[in-house]
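Engineer: Pasting a structure here, questions to come.
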Amino acid sequence: LIQKSGSTARDFIRTQEDDFKLHYKGKDLSEKDWIDAIVSNPKLLKRPVVETDDAAVWADPPEKLLTLLHKKQLES
């Protein structure tokens, strides 16, 4: 999903979560370490994440989802 989005794992982290504030805030982690943090603490993942065959987007605000769907429609 992260690769499909064109973003980094860090972009998908919910920074308002207590786990983030206690364990990750201010840290400069590698891409793998951020992914491991999400896997270990799923509530750190921003949501909703919407995926198509070749793209993904964190759909907040909802307009991001509309952009993804519009792009998919143009490709069809």
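The values are calculated or read from the model by the stated rules, or taken from the named source; none is laboratory data. Just so we're clear, the structure is a prediction, and the values are computed from it rather than from any experiment. Cβ atoms come from the backbone with ideal geometry, glycine included; neighbour counts cover every protein chain shown. Surface areas here come from the heavy atoms of the whole protein model, side chains and all, with no ligands, DNA or RNA. Shrake-Rupley method; radii C 1.70, N 1.55, O 1.52, S 1.80 Å.
Engineer: Rounded to the nearest percent, how much of the accessible area of the chain (1.4 Å probe, protein heavy atoms only) is carbon and sulfur? All intermediate terms of the calculation are to be shown ahead of the outcome.
Structural biologist: Working: 2840 of 5330 Å².
It is 53 percent, rounded to a whole number.
Engineer: Check cross-link reach from Lys64 to the lysines: straight Cα distance under 16 Å, and skip same-chain residues fewer than eight apart.
Structural biologist: Lys4, Lys46, Lys72
Engineer: Using Rg/Rh (Cα atoms, Kirkwood Rh) as the read-out, say which of [x] 1.03; [y] 0.95; [z] 1.07 was calculated from these coordinates.
Structural biologist: Identified label for the calculated read-out: [x].
Engineer: Run the simple label-point estimate for Lys46 and Asp11 please: 7 Å along Cα→C-beta, distance reported in nm.
Structural biologist: Spacing of the two 7 Å Cα→Cβ label points: 0.8 nm.
Engineer: Right, next: Around Asp18, what is the net charge, scoring Lys/Arg as +1 and Asp/Glu as -1 over all other residues with Cβ under 14 Å from its Cβ?
Structural biologist: Around Asp18, the charge tally is +2.
Engineer: Given a Förster distance of 35 Å, report the FRET efficiency between Glu31 and Glu63 from their Cβ-Cβ distance, rounded to the nearest 0.05.
Structural biologist: Once rounded, the FRET efficiency stands at 0.85.
Engineer: Report the net charge of residues surrounding Ala59, where surrounding means a beta-carbon distance below 11 angstrom and charges are Lys +1, Arg +1, Asp -1, Glu -1.
Structural biologist: Numbers: positive: Lys46, Arg47, Lys64; negative: Glu51, Asp60, Glu63.
Net charge in that neighbourhood comes out at 0.
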